[in-house]
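Quick notes on the structure that follows.
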Amino acid sequence: MHTRRKFIAGLAGSAAMAACDSLPALSSPRITASAQGKPNIIFFLVDDLGWGDLGCYGDTFHETPNINQFAHDGLRFTDAYAGAPVCSPSRACILTGKAPARLHLTQWIPGNTYPNKKLLEAPTPTHLALDVPTLAERLKALGYKTGAIGKWHLGGDGYLPENFGFEVNVAGDKHGSPGPPNHYFGPFHYHNLNGYTDHDYLTDVLTRKMDQFISDASKQGPFFLYMAEYAVHIPLQAPQTLTDPYIAKNAGKGEPDPVYAAMVQSVDTALGNLRALLKKTGVADNTVIILTSDNGGVGFQGKRLHRIADNGPYRAGKGFLYEGGIREPLIIYWPGVTTPGTVCDVPVIGMDFTPTILNLVHGGAAPAPCDGLDISSLFKSPNSSLTRDTLYWHYPHYSDQGGTPSGAIREGDWKLIEFFEDNHVELYNLKLDPGEQYDFASSFSDKALDLRRKLQAWRESVNARMPTPNPNFNPIEANVRIGPPGCSWEPIRNCLED
Ligand SMILES: [Ca+2]
(Lines give C-alpha, C1' and ligand atoms only; values in the text may rest on other atoms or scores of the structure.)
Protein backbone atom coordinates (compact mmCIF):
# COMPACT_ATOMS: atom_id res chain seq x y z
CA MET A 1 0.00 0.00 0.00
CA HIS A 2 1.34 3.36 -0.93
CA THR A 3 1.15 6.30 1.37
CA ARG A 4 3.28 9.26 0.57
CA ARG A 5 4.01 11.40 3.54
CA LYS A 6 4.62 14.98 3.08
CA PHE A 7 6.09 16.98 5.86
CA ILE A 8 5.82 20.59 5.15
CA ALA A 9 7.44 22.93 7.54
CA GLY A 10 5.52 25.99 8.41
CA LEU A 11 2.41 27.06 10.08
CA ALA A 12 -0.81 25.64 8.79
CA GLY A 13 -3.41 27.16 11.05
CA SER A 14 -1.94 30.61 11.04
CA ALA A 15 -0.33 30.61 7.63
CA ALA A 16 -1.14 33.53 5.45
CA MET A 17 -4.05 32.43 3.35
CA ALA A 18 -4.42 33.41 -0.23
CA ALA A 19 -8.04 34.34 -0.56
CA CYS A 20 -8.51 32.60 -3.86
CA ASP A 21 -12.22 32.09 -3.64
CA SER A 22 -15.18 32.93 -1.54
CA LEU A 23 -18.40 31.31 -0.51
CA PRO A 24 -21.27 31.43 -2.95
CA ALA A 25 -23.84 33.93 -1.74
CA LEU A 26 -26.73 32.57 0.24
CA SER A 27 -30.14 33.09 -1.20
CA SER A 28 -32.81 35.36 0.28
CA PRO A 29 -32.09 36.37 3.87
CA ARG A 30 -35.80 36.41 4.78
CA ILE A 31 -36.61 34.27 7.79
CA THR A 32 -39.88 32.45 7.61
CA ALA A 33 -42.04 32.50 10.71
CA SER A 34 -42.08 28.74 10.84
CA ALA A 35 -38.31 28.61 10.83
CA GLN A 36 -37.79 30.87 13.83
CA GLY A 37 -36.76 29.06 16.97
CA LYS A 38 -35.71 25.88 15.25
CA PRO A 39 -32.30 24.57 16.27
CA ASN A 40 -29.36 24.81 13.96
CA ILE A 41 -27.99 21.44 12.93
CA ILE A 42 -24.31 20.70 12.36
CA PHE A 43 -23.38 17.24 11.15
CA PHE A 44 -19.63 16.96 11.69
CA LEU A 45 -18.44 13.93 9.72
CA VAL A 46 -14.86 12.73 9.99
CA ASP A 47 -13.56 10.42 7.27
CA ASP A 48 -12.21 6.98 8.19
CA LEU A 49 -11.91 7.77 11.89
CA GLY A 50 -11.42 4.66 14.01
CA TRP A 51 -13.73 3.85 16.91
CA GLY A 52 -10.84 4.12 19.34
CA ASP A 53 -9.04 7.11 17.84
CA LEU A 54 -10.35 9.65 20.35
CA GLY A 55 -9.33 10.16 23.94
CA CYS A 56 -12.95 9.88 25.01
CA TYR A 57 -13.02 6.44 23.37
CA GLY A 58 -9.86 5.28 25.11
CA ASP A 59 -7.00 6.40 22.90
CA THR A 60 -3.96 7.44 24.91
CA PHE A 61 -1.76 8.74 22.10
CA HIS A 62 -3.88 11.16 20.09
CA GLU A 63 -4.49 14.59 21.60
CA THR A 64 -8.21 15.29 21.29
CA PRO A 65 -9.02 17.76 24.09
CA ASN A 66 -11.83 19.50 22.22
CA ILE A 67 -13.66 16.31 21.30
CA ASN A 68 -13.13 14.96 24.80
CA GLN A 69 -14.74 18.12 26.16
CA PHE A 70 -17.51 17.76 23.59
CA ALA A 71 -18.21 14.23 24.86
CA HIS A 72 -18.11 15.56 28.42
CA ASP A 73 -20.75 18.10 27.47
CA GLY A 74 -22.90 15.76 25.42
CA LEU A 75 -24.04 12.19 24.84
CA ARG A 76 -21.53 9.57 23.68
CA PHE A 77 -22.61 6.35 21.97
CA THR A 78 -20.63 3.14 22.34
CA ASP A 79 -22.57 1.08 19.78
CA ALA A 80 -23.05 3.43 16.85
CA TYR A 81 -22.60 2.02 13.37
CA ALA A 82 -21.98 3.20 9.86
CA GLY A 83 -24.42 1.87 7.31
CA ALA A 84 -21.52 0.58 5.21
CA PRO A 85 -17.80 -0.13 5.64
CA VAL A 86 -16.73 2.35 2.93
CA CYS A 87 -17.33 6.03 2.19
CA SER A 88 -20.00 6.62 -0.46
CA PRO A 89 -22.76 4.26 0.69
CA SER A 90 -22.27 5.31 4.28
CA ARG A 91 -22.71 8.97 3.32
CA ALA A 92 -25.71 8.19 1.14
CA CYS A 93 -27.58 6.56 4.00
CA ILE A 94 -26.81 9.42 6.38
CA LEU A 95 -28.34 11.94 3.99
CA THR A 96 -31.35 9.87 2.88
CA GLY A 97 -32.33 7.53 5.71
CA LYS A 98 -32.24 4.68 3.22
CA ALA A 99 -30.06 1.59 3.45
CA PRO A 100 -27.26 1.38 0.91
CA ALA A 101 -28.70 -1.97 -0.21
CA ARG A 102 -32.03 -0.30 -1.01
CA LEU A 103 -30.28 2.50 -2.90
CA HIS A 104 -28.13 -0.11 -4.67
CA LEU A 105 -25.28 2.24 -3.80
CA THR A 106 -23.10 -0.21 -1.93
CA GLN A 107 -19.53 0.54 -2.97
CA TRP A 108 -17.32 3.60 -2.86
CA ILE A 109 -17.63 5.65 -6.05
CA PRO A 110 -16.52 4.66 -8.62
CA GLY A 111 -14.87 1.57 -7.18
CA ASN A 112 -12.25 -0.73 -8.59
CA THR A 113 -12.81 -3.77 -10.79
CA TYR A 114 -11.48 -7.16 -9.82
CA PRO A 115 -11.74 -9.21 -13.02
CA ASN A 116 -10.36 -12.48 -11.62
CA LYS A 117 -12.04 -12.82 -8.24
CA LYS A 118 -14.41 -15.66 -7.48
CA LEU A 119 -17.42 -13.36 -7.69
CA LEU A 120 -18.41 -10.50 -9.94
CA GLU A 121 -19.50 -7.65 -7.71
CA ALA A 122 -23.09 -6.42 -7.64
CA PRO A 123 -23.57 -3.43 -9.95
CA THR A 124 -23.54 -0.11 -8.14
CA PRO A 125 -24.09 3.44 -9.50
CA THR A 126 -21.53 6.19 -9.86
CA HIS A 127 -23.71 8.75 -8.11
CA LEU A 128 -26.63 9.11 -5.76
CA ALA A 129 -29.84 9.10 -7.80
CA LEU A 130 -31.36 12.54 -8.23
CA ASP A 131 -34.86 11.33 -7.42
CA VAL A 132 -33.93 10.17 -3.93
CA PRO A 133 -35.20 12.74 -1.41
CA THR A 134 -32.47 14.05 0.87
CA LEU A 135 -32.31 15.50 4.34
CA ALA A 136 -30.93 18.76 2.94
CA GLU A 137 -33.88 19.19 0.58
CA ARG A 138 -36.32 18.73 3.43
CA LEU A 139 -34.50 21.12 5.73
CA LYS A 140 -34.23 23.70 2.98
CA ALA A 141 -37.98 23.47 2.44
CA LEU A 142 -38.41 24.05 6.16
CA GLY A 143 -36.54 27.36 5.93
CA TYR A 144 -33.07 26.16 6.76
CA LYS A 145 -29.97 27.57 5.12
CA THR A 146 -28.14 24.51 3.93
CA GLY A 147 -24.41 24.16 3.45
CA ALA A 148 -22.06 21.33 2.57
CA ILE A 149 -18.40 21.89 3.26
CA GLY A 150 -15.74 19.30 2.52
CA LYS A 151 -15.96 15.83 1.06
CA TRP A 152 -19.03 14.77 -0.89
CA HIS A 153 -18.15 11.59 -2.80
CA LEU A 154 -21.70 10.92 -3.99
CA GLY A 155 -21.12 11.90 -7.60
CA GLY A 156 -19.48 14.48 -9.84
CA ASP A 157 -20.92 17.20 -12.03
CA GLY A 158 -24.71 17.10 -12.02
CA TYR A 159 -24.72 15.14 -8.79
CA LEU A 160 -23.11 17.63 -6.43
CA PRO A 161 -24.45 18.86 -3.08
CA GLU A 162 -26.29 21.71 -4.82
CA ASN A 163 -28.21 19.07 -6.80
CA PHE A 164 -29.40 17.53 -3.55
CA GLY A 165 -30.65 20.53 -1.55
CA PHE A 166 -27.51 22.31 -0.43
CA GLU A 167 -27.37 26.03 -1.19
CA VAL A 168 -23.66 26.27 -0.45
CA ASN A 169 -21.04 23.76 -1.49
CA VAL A 170 -17.37 24.20 -0.76
CA ALA A 171 -14.99 21.47 -1.94
CA GLY A 172 -17.67 18.84 -2.38
CA ASP A 173 -17.34 16.90 -5.62
CA LYS A 174 -16.26 13.53 -6.97
CA HIS A 175 -13.17 13.41 -4.78
CA GLY A 176 -13.09 10.67 -2.22
CA SER A 177 -9.80 11.84 -0.80
CA PRO A 178 -7.64 14.94 -1.08
CA GLY A 179 -6.42 15.18 -4.65
CA PRO A 180 -3.04 15.74 -6.24
CA PRO A 181 -0.68 17.41 -6.62
CA ASN A 182 -0.26 18.08 -2.93
CA HIS A 183 -3.31 16.35 -1.48
CA TYR A 184 -3.84 17.97 1.95
CA PHE A 185 -1.82 21.04 1.00
CA GLY A 186 -2.55 23.65 -1.63
CA PRO A 187 -2.96 24.38 -4.41
CA PHE A 188 -6.41 22.81 -4.29
CA HIS A 189 -8.61 21.81 -7.20
CA TYR A 190 -12.07 21.24 -5.80
CA HIS A 191 -15.51 22.49 -6.67
CA ASN A 192 -15.61 26.04 -5.25
CA LEU A 193 -12.21 25.65 -3.62
CA ASN A 194 -9.24 26.45 -5.80
CA GLY A 195 -5.79 27.85 -5.37
CA TYR A 196 -3.99 28.41 -2.06
CA THR A 197 -0.38 27.51 -1.40
CA ASP A 198 1.56 24.60 -0.04
CA HIS A 199 1.46 26.29 3.36
CA ASP A 200 -2.31 25.89 3.48
CA TYR A 201 -3.55 22.72 5.14
CA LEU A 202 -6.90 21.54 3.85
CA THR A 203 -8.47 20.87 7.24
CA ASP A 204 -7.66 24.41 8.37
CA VAL A 205 -8.92 25.94 5.13
CA LEU A 206 -12.20 24.07 5.50
CA THR A 207 -12.47 25.39 9.05
CA ARG A 208 -12.28 28.94 7.73
CA LYS A 209 -14.97 28.14 5.19
CA MET A 210 -17.06 26.65 7.97
CA ASP A 211 -16.66 29.82 10.01
CA GLN A 212 -17.70 31.91 7.05
CA PHE A 213 -20.80 29.84 6.40
CA ILE A 214 -21.91 29.92 10.03
CA SER A 215 -21.25 33.64 10.34
CA ASP A 216 -23.38 34.30 7.26
CA ALA A 217 -26.11 31.75 7.82
CA SER A 218 -26.65 32.46 11.52
CA LYS A 219 -27.77 35.98 10.63
CA GLN A 220 -30.48 34.62 8.41
CA GLY A 221 -32.19 31.93 10.44
CA PRO A 222 -31.69 28.29 11.25
CA PHE A 223 -29.01 26.50 9.31
CA PHE A 224 -27.96 22.98 8.49
CA LEU A 225 -24.25 22.47 7.98
CA TYR A 226 -22.96 19.17 6.64
CA MET A 227 -19.32 19.56 7.64
CA ALA A 228 -17.54 16.61 6.06
CA GLU A 229 -13.83 16.63 6.75
CA TYR A 230 -11.50 15.04 4.23
CA ALA A 231 -9.34 14.10 7.20
CA VAL A 232 -8.35 11.59 8.44
CA HIS A 233 -8.45 9.69 5.14
CA ILE A 234 -5.09 8.73 3.62
CA PRO A 235 -2.69 9.99 2.33
CA LEU A 236 -1.16 10.69 5.69
CA GLN A 237 -0.11 14.33 5.62
CA ALA A 238 0.02 16.92 8.35
CA PRO A 239 1.90 20.11 9.10
CA GLN A 240 5.29 19.45 10.61
CA THR A 241 4.42 21.59 13.61
CA LEU A 242 1.55 19.26 14.46
CA THR A 243 3.55 16.11 13.76
CA ASP A 244 6.75 16.85 15.68
CA PRO A 245 5.29 16.44 19.17
CA TYR A 246 4.01 12.97 18.23
CA ILE A 247 7.38 11.95 16.84
CA ALA A 248 8.86 12.89 20.19
CA LYS A 249 6.00 11.25 22.05
CA ASN A 250 6.52 7.80 20.60
CA ALA A 251 10.30 8.11 20.95
CA GLY A 252 11.04 7.13 17.38
CA LYS A 253 9.17 3.84 17.49
CA GLY A 254 7.03 4.92 14.57
CA GLU A 255 3.88 3.55 16.14
CA PRO A 256 1.32 4.82 16.68
CA ASP A 257 1.73 6.83 13.52
CA PRO A 258 2.71 10.43 14.36
CA VAL A 259 1.33 11.88 11.13
CA TYR A 260 -2.01 10.17 11.55
CA ALA A 261 -2.08 11.40 15.13
CA ALA A 262 -1.49 14.93 13.90
CA MET A 263 -4.37 14.55 11.45
CA VAL A 264 -6.69 13.40 14.22
CA GLN A 265 -5.61 16.43 16.24
CA SER A 266 -6.31 18.71 13.28
CA VAL A 267 -9.90 17.52 13.26
CA ASP A 268 -10.09 18.01 17.00
CA THR A 269 -8.88 21.57 16.52
CA ALA A 270 -11.55 22.10 13.85
CA LEU A 271 -14.27 21.04 16.27
CA GLY A 272 -12.83 23.32 18.92
CA ASN A 273 -12.88 26.24 16.50
CA LEU A 274 -16.44 25.39 15.53
CA ARG A 275 -17.69 25.45 19.10
CA ALA A 276 -15.84 28.68 19.84
CA LEU A 277 -17.43 30.31 16.82
CA LEU A 278 -20.91 29.16 17.83
CA LYS A 279 -20.41 30.82 21.19
CA LYS A 280 -19.06 33.96 19.62
CA THR A 281 -22.02 34.25 17.27
CA GLY A 282 -24.46 33.61 20.09
CA VAL A 283 -26.06 30.51 18.64
CA ALA A 284 -24.27 27.80 20.64
CA ASP A 285 -27.26 27.20 22.90
CA ASN A 286 -29.52 26.58 19.92
CA THR A 287 -27.25 24.38 17.86
CA VAL A 288 -27.23 20.59 17.75
CA ILE A 289 -23.86 19.08 16.87
CA ILE A 290 -23.53 15.48 15.76
CA LEU A 291 -20.01 14.09 15.38
CA THR A 292 -19.34 10.72 13.80
CA SER A 293 -17.39 8.95 11.05
CA ASP A 294 -18.39 7.19 7.84
CA ASN A 295 -16.57 3.89 8.27
CA GLY A 296 -13.93 2.27 10.40
CA GLY A 297 -10.31 3.30 10.47
CA VAL A 298 -7.74 1.91 8.10
CA GLY A 299 -6.20 -0.89 10.07
CA PHE A 300 -2.75 -1.30 8.70
CA GLN A 301 -0.45 0.22 6.16
CA GLY A 302 1.65 -1.92 3.87
CA LYS A 303 3.42 -5.16 4.53
CA ARG A 304 5.03 -3.91 7.71
CA LEU A 305 1.65 -4.00 9.41
CA HIS A 306 2.23 -0.51 10.60
CA ARG A 307 -0.82 0.58 12.53
CA ILE A 308 -2.63 3.67 11.36
CA ALA A 309 -6.01 4.07 13.02
CA ASP A 310 -7.10 2.80 16.40
CA ASN A 311 -10.28 0.75 16.06
CA GLY A 312 -10.29 -0.03 19.76
CA PRO A 313 -10.96 -3.66 20.62
CA TYR A 314 -12.68 -4.30 17.32
CA ARG A 315 -11.59 -6.63 14.57
CA ALA A 316 -10.29 -5.46 11.19
CA GLY A 317 -11.19 -2.02 9.84
CA LYS A 318 -12.44 -0.14 6.84
CA GLY A 319 -13.72 -2.39 4.06
CA PHE A 320 -14.83 -5.20 6.39
CA LEU A 321 -18.11 -6.03 8.11
CA TYR A 322 -16.29 -7.02 11.26
CA GLU A 323 -16.87 -4.41 13.94
CA GLY A 324 -13.69 -2.50 13.13
CA GLY A 325 -15.12 -1.63 9.72
CA ILE A 326 -18.48 -0.32 10.85
CA ARG A 327 -18.41 0.62 14.55
CA GLU A 328 -18.07 4.40 14.83
CA PRO A 329 -17.55 7.12 17.36
CA LEU A 330 -20.77 9.10 17.78
CA ILE A 331 -21.25 12.08 20.05
CA ILE A 332 -24.37 14.24 20.05
CA TYR A 333 -24.70 17.54 21.84
CA TRP A 334 -27.98 19.39 22.07
CA PRO A 335 -27.85 22.02 24.79
CA GLY A 336 -30.71 21.61 27.21
CA VAL A 337 -31.72 18.25 25.82
CA THR A 338 -28.79 15.84 26.03
CA THR A 339 -27.41 15.39 29.53
CA PRO A 340 -23.72 16.24 29.90
CA GLY A 341 -21.39 13.29 30.17
CA THR A 342 -23.95 10.60 29.42
CA VAL A 343 -23.21 7.38 27.55
CA CYS A 344 -25.59 5.28 25.49
CA ASP A 345 -24.98 1.67 24.48
CA VAL A 346 -28.09 1.24 22.35
CA PRO A 347 -27.12 0.21 18.80
CA VAL A 348 -27.81 2.96 16.25
CA ILE A 349 -26.88 3.24 12.56
CA GLY A 350 -26.30 5.80 9.81
CA MET A 351 -29.83 5.57 8.43
CA ASP A 352 -31.10 6.91 11.78
CA PHE A 353 -29.78 10.43 11.30
CA THR A 354 -32.30 11.63 8.70
CA PRO A 355 -35.44 10.62 10.65
CA THR A 356 -33.87 11.82 13.91
CA ILE A 357 -32.93 15.24 12.61
CA LEU A 358 -36.28 15.70 10.90
CA ASN A 359 -38.01 14.85 14.16
CA LEU A 360 -36.01 17.28 16.23
CA VAL A 361 -36.82 20.16 13.86
CA HIS A 362 -40.49 19.10 13.72
CA GLY A 363 -39.97 18.34 10.06
CA GLY A 364 -42.25 15.36 9.79
CA ALA A 365 -41.46 11.78 8.97
CA ALA A 366 -38.53 10.86 6.79
CA PRO A 367 -39.40 10.09 3.17
CA ALA A 368 -40.60 6.51 2.86
CA PRO A 369 -39.31 3.92 2.70
CA CYS A 370 -36.99 4.82 5.56
CA ASP A 371 -34.57 2.24 6.92
CA GLY A 372 -33.64 4.21 10.01
CA LEU A 373 -35.33 5.13 13.26
CA ASP A 374 -35.81 8.40 15.08
CA ILE A 375 -33.39 7.89 17.98
CA SER A 376 -34.05 11.21 19.70
CA SER A 377 -35.74 9.46 22.63
CA LEU A 378 -32.23 8.36 23.59
CA PHE A 379 -31.09 11.96 23.93
CA LYS A 380 -32.91 12.45 27.21
CA SER A 381 -33.06 8.79 28.20
CA PRO A 382 -29.90 7.07 27.02
CA ASN A 383 -30.76 3.99 29.06
CA SER A 384 -34.07 3.47 27.29
CA SER A 385 -34.46 1.25 24.25
CA LEU A 386 -35.63 1.52 20.67
CA THR A 387 -38.35 -0.44 18.93
CA ARG A 388 -35.80 -2.30 16.88
CA ASP A 389 -34.09 -5.64 17.38
CA THR A 390 -31.92 -5.92 14.31
CA LEU A 391 -29.42 -3.98 12.24
CA TYR A 392 -28.32 -5.05 8.76
CA TRP A 393 -25.43 -4.45 6.39
CA HIS A 394 -24.89 -5.43 2.77
CA TYR A 395 -21.51 -5.15 1.08
CA PRO A 396 -21.51 -7.23 -2.15
CA HIS A 397 -18.00 -6.06 -3.06
CA TYR A 398 -14.31 -6.56 -2.67
CA SER A 399 -12.63 -3.82 -0.68
CA ASP A 400 -9.14 -2.53 -1.29
CA GLN A 401 -8.36 -3.39 2.30
CA GLY A 402 -9.12 -7.09 1.79
CA GLY A 403 -12.81 -7.37 2.60
CA THR A 404 -14.86 -9.81 0.53
CA PRO A 405 -18.53 -9.75 -0.55
CA SER A 406 -20.58 -10.23 2.57
CA GLY A 407 -23.64 -9.31 4.58
CA ALA A 408 -24.20 -8.96 8.30
CA ILE A 409 -26.89 -8.77 10.93
CA ARG A 410 -26.73 -7.71 14.56
CA GLU A 411 -29.51 -8.80 16.90
CA GLY A 412 -28.96 -8.00 20.55
CA ASP A 413 -25.46 -9.17 21.41
CA TRP A 414 -25.34 -11.59 18.48
CA LYS A 415 -23.72 -10.75 15.17
CA LEU A 416 -23.68 -12.97 12.11
CA ILE A 417 -21.61 -12.34 8.99
CA GLU A 418 -22.43 -14.20 5.79
CA PHE A 419 -19.57 -14.50 3.28
CA PHE A 420 -20.84 -14.76 -0.26
CA GLU A 421 -17.74 -16.31 -1.83
CA ASP A 422 -18.27 -19.64 -0.14
CA ASN A 423 -21.53 -19.02 1.73
CA HIS A 424 -20.03 -19.72 5.12
CA VAL A 425 -21.25 -17.77 8.12
CA GLU A 426 -19.53 -16.62 11.28
CA LEU A 427 -21.42 -16.00 14.49
CA TYR A 428 -20.11 -13.82 17.28
CA ASN A 429 -21.34 -12.68 20.66
CA LEU A 430 -20.32 -9.06 20.97
CA LYS A 431 -20.90 -8.90 24.71
CA LEU A 432 -18.65 -11.84 25.49
CA ASP A 433 -16.30 -11.32 22.58
CA PRO A 434 -16.26 -7.78 21.18
CA GLY A 435 -13.14 -8.60 19.17
CA GLU A 436 -14.99 -11.30 17.16
CA GLN A 437 -12.39 -13.95 17.82
CA TYR A 438 -14.65 -16.89 18.69
CA ASP A 439 -16.96 -18.15 15.98
CA PHE A 440 -20.05 -19.77 17.48
CA ALA A 441 -21.65 -20.71 14.15
CA SER A 442 -21.23 -24.43 14.78
CA SER A 443 -21.94 -24.54 18.48
CA PHE A 444 -25.00 -22.26 18.21
CA SER A 445 -26.19 -23.50 14.84
CA ASP A 446 -29.87 -22.75 15.55
CA LYS A 447 -29.04 -19.11 16.30
CA ALA A 448 -26.87 -18.92 13.19
CA LEU A 449 -29.64 -20.34 11.04
CA ASP A 450 -32.21 -17.94 12.52
CA LEU A 451 -30.03 -14.89 11.91
CA ARG A 452 -29.11 -16.02 8.44
CA ARG A 453 -32.77 -16.36 7.51
CA LYS A 454 -33.51 -12.89 8.88
CA LEU A 455 -30.60 -11.44 6.93
CA GLN A 456 -31.74 -13.10 3.72
CA ALA A 457 -35.34 -11.97 4.25
CA TRP A 458 -34.16 -8.40 4.83
CA ARG A 459 -32.11 -8.46 1.63
CA GLU A 460 -35.19 -9.52 -0.29
CA SER A 461 -37.27 -6.80 1.38
CA VAL A 462 -34.92 -4.05 0.17
CA ASN A 463 -34.30 -5.68 -3.20
CA ALA A 464 -30.58 -5.95 -2.53
CA ARG A 465 -28.31 -6.77 -5.43
CA MET A 466 -26.07 -9.78 -5.09
CA PRO A 467 -22.70 -10.67 -6.59
CA THR A 468 -22.65 -13.43 -9.19
CA PRO A 469 -20.22 -16.25 -10.01
CA ASN A 470 -17.32 -15.10 -12.16
CA PRO A 471 -16.85 -17.33 -15.24
CA ASN A 472 -13.28 -16.01 -15.49
CA PHE A 473 -12.36 -16.77 -11.90
CA ASN A 474 -8.59 -17.15 -11.69
CA PRO A 475 -7.34 -17.74 -8.16
CA ILE A 476 -3.72 -17.17 -9.12
CA GLU A 477 -4.49 -13.70 -10.47
CA ALA A 478 -7.33 -12.98 -8.07
CA ASN A 479 -5.80 -9.83 -6.59
CA VAL A 480 -5.40 -8.04 -9.91
CA ARG A 481 -7.52 -4.91 -9.88
CA ILE A 482 -8.40 -2.34 -12.47
CA GLY A 483 -8.90 1.19 -11.27
CA PRO A 484 -11.46 3.62 -12.58
CA PRO A 485 -10.62 6.02 -15.41
CA GLY A 486 -8.52 8.92 -14.24
CA CYS A 487 -7.25 7.11 -11.22
CA SER A 488 -3.58 7.76 -10.57
CA TRP A 489 -1.89 4.42 -10.20
CA GLU A 490 1.00 3.36 -8.14
CA PRO A 491 2.66 -0.05 -8.37
CA ILE A 492 1.57 -1.28 -4.97
CA ARG A 493 -1.20 1.07 -4.04
CA ASN A 494 -4.17 1.77 -6.21
CA CYS A 495 -6.56 4.67 -6.27
CA LEU A 496 -6.79 6.64 -3.05
CA GLU A 497 -10.43 7.49 -3.50
CA ASP A 498 -12.06 4.66 -1.57
CA1 LIG B 1 -14.50 6.94 4.63
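The values are calculated or read from the model by the stated rules, or taken from the named source; none is laboratory data. None of these values were measured; they are calculated from a predicted model. All Cβ positions, even for glycine, are placed from backbone atoms using ideal geometry, and neighbour counts span all protein chains on display.
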The correct count of residues that are within 20 Å of the chain's Cα centre (by Cα) and part of a loop (DSSP other than H, G, I, E, B) in the stretch 354-375 is 6
Given the criteria assigned to a loop (DSSP other than H, G, I, E, B), touching a helix residue (DSSP H, G or I) at 6+ places or on another chain (Cβ under 6 Å) and surrounded by fewer than 24 Cβ atoms within 10 Å (Cβ to Cβ), does residue 313 qualify? no
Residues that are surrounded by fewer than 23 Cβ atoms within 10 Å (Cβ to Cβ) and at pLDDT 95 or above: does the stretch 79-87 have at least one?
yes
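Only one of 433, 422 is closer than 19 Å to residue 121 by Cβ, modelled with pLDDT of 95 or more, part of a loop (DSSP other than H, G, I, E, B) and among the charged types (D, E, K, R); which?
Details: 433 fails: closer than 19 Å to residue 121 by Cβ.
Result: 422 is the single residue among 433, 422 that is closer than 19 Å to residue 121 by Cβ, modelled with pLDDT of 95 or more, part of a loop (DSSP other than H, G, I, E, B) and among the charged types (D, E, K, R).
Every residue in the stretch 45-82 that is assigned to a strand (DSSP E or B) and within 16 Å of the ligand (Cβ to nearest atom), please. Spell out how you get there, then give the answer.
At the first step, the residues of the stretch 45-82 found to be assigned to a strand (DSSP E or B) are 45-46, 75-81.
Result: 45, 46, 80, 81.
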Apart from one, (1) closer than 25 Å to residue 203 by Cβ; (2) within 18 Å of the chain's Cα centre (by Cα) all hold for residue 78; the odd one out is (1)
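Rundown of residues vs (1) farther than 30 Å from residue 194 by Cβ; (2) surrounded by fewer than 20 Cβ atoms within 10 Å (Cβ to Cβ); (3) of a type in the set (A, V, I, L, M), yes/no style:
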| residue | (1), (2), (3) |
| --- | --- |
| 111 | no, no, no |
| 117 | yes, no, no |
| 122 | yes, no, yes |
| 138 | yes, no, no |
| 142 | yes, yes, yes |
| 146 | no, no, no |
| 152 | no, no, no |
| 155 | no, no, no |
Of the listed residues (425, 361), the one being within 21 Å of residue 462 (Cβ to Cβ), β-branched (Val, Ile, Thr), in contact with a Phe, Trp or Tyr (Cβ under 9 Å, 6 or more places away or on another chain) and surrounded by 18 or more Cβ atoms within 10 Å (Cβ to Cβ) is 425
Scanning the stretch 163-183 for residues that are over 21 Å from residue 42 (Cα atoms) and more than 20 Å from the chain's Cα centre (by Cα), the one surrounded by the most Cβ atoms within 10 Å (Cβ to Cβ) turns out to be 182
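Residue by residue through the stretch 246-304, note down the ones that are of a type in the set (Phe, Trp, Tyr) and outside any helix (DSSP H, G or I).
Taking the stretch 246-304 as the starting set, the residues that turn out to be of a type in the set (Phe, Trp, Tyr) are 246, 260, 300.
Across the stretch 246-304, the qualifying residue is only 300.
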| said: Looking at the stretch 94-117, can you tell me whether even one residue there is at pLDDT 95 or above, charged (D, E, K, R), away from the ligand (no atom under 16 Å from the Cβ) and more than 19 Å from the chain's Cα centre (by Cα)? | reply: yes
